């Protein structure tokens, strides 16, 4: 694995800040747009991360516009490849307009065909085919986004993206999909994918940021070594060096600084990321996790709610905000968030039944909501899928603590620590573990972390 060496004087200092950036505004009452995954018609096609990635680039850009509301990716992406007409999918999604497209070869080049349809009338609002070299993917998407915004009668902010080779982008997308599994095996594969992207394009700042995130996760949850800490430091610094205006790079820097225990610097990096892009889920989500670990529960709630608003389909942020409310004793809000998150988990498991993280976070919500036996059954199923993962074991400790099983809870927490989990502050501030706090065995466990 190639690693940038040393510190660079070219990296811009993270600006000082006086207050948090403002959260996203409400988009109720605005015209609703849906974006479907693009069809991959290449002979070697079928790569889901790419077909969804192209659509998500467009979706995220449209979501930054003041005059639109964009349907969440998980809701609209369920219809990818359904074979239904665009207008019919739009009606099912209750959208005003819907965008679909396809990617296919054209000689030595590639072409993207995009269609924007008015749902009520089934009228084609705009359509165009873009032919481009594989290294010109992002400039082509920029032009596409500008055209769609014009057809929707709104003007997008300028988005200047560095050109990235399509193959490097595909590796990056695969890495991101593995990363969000939040387990040890996923991190290994994610790091490999990000590294392959960098082998093709060493100047790809987003891939450096992804590699930094993997190293920071490993430092906190798998092996607390100087090697991983230094890797997170170097890769996040390299991402900023390559693109100081990239919000994703600042968020990655925040994750690396948080892992290294540099709390104030981490907060500055996260807030810079959110100033640059208030719609960046990763910045809000990881800032919230940082605040929770630091015991700043009110701020954790603010940023978990922010992340949940950015991705209404995501079960993680809303279930973690439930933990923060519970830790503060605000049980009515904790129950609301748990019920909302559990519904999202059930939707996720319907389509991806082997999602271990969804299973154990759902188990936690079930036990907390009084469905003890069902929750414990889900916990056992999650453990059978990945029995030695530190993050899973930690969450099993929380579930058993909530279920009134202190001995099993402590056993799981000991195994999590033995397997590499070292985030002591999370252990200290997680309200799910309140039933264990006065136990001598729990105090001794904290001393070992």
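The values are calculated or read from the model by the stated rules, or taken from the named source; none is laboratory data. The structure displayed is predicted, hence computed values, not measured ones. Counting neighbours? That spans all protein chains shown, and the Cβs are built from the backbone with ideal geometry, glycine included.
Residue 233 fulfils the conditions (1) in contact (Cβ under 8 Å) with a residue 60 or more places away in the chain; (2) buried (at least 19 other Cβ atoms within 10 Å of the Cβ) except for a single criterion, (1). Selection of helices (runs of 4 or more DSSP H) fully inside region 41-135 by the criterion of at least 2 residues being under 18 Å from residue 167 (Cα atoms) returns 48-63. Region 360-425 holds helices (runs of 4 or more DSSP H) entirely within its bounds, and those carrying 3 or more residues that are under 20 Å from residue 327 (Cα atoms) map to 390-402, 406-419. For residue 49, the conditions (1) at pLDDT below 85; (2) in contact with a strand residue (DSSP E or B) (Cβ under 9 Å, 6 or more places away or on another chain); (3) crowded, with 16+ Cβ neighbours inside 10 Å are fulfilled apart from (2). Residues that are within 26 Å of residue 411 (Cβ to Cβ) and not in a helix (DSSP H, G or I) do not occur anywhere in region 312-321. Annotation note: of 313, 302, the sole residue that is in contact (Cβ under 8 Å) with a residue 12 or more places away in the chain, surrounded by 18 or more Cβ atoms within 10 Å (Cβ to Cβ) and within 18 Å of the chain's Cα centre (by Cα) is 302. Scanning region 426-449 for residues that are part of a loop (DSSP other than H, G, I, E, B) and at pLDDT 95 or above yields a single hit, 439.
For every residue, the table says whether it meets (1) surrounded by fewer than 17 Cβ atoms within 10 Å (Cβ to Cβ); (2) within 23 Å of the chain's Cα centre (by Cα).
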{"residue": "336", "(1), (2)": "yes, yes"}
{"residue": "359", "(1), (2)": "no, yes"}
{"residue": "390", "(1), (2)": "no, yes"}
{"residue": "411", "(1), (2)": "yes, no"}
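Flag not set for residue 147, criterion: in the same structural domain as residue 232 (by TED's automatic domain parsing), surrounded by fewer than 20 Cβ atoms within 10 Å (Cβ to Cβ) and closer than 25 Å to residue 279 by Cβ.
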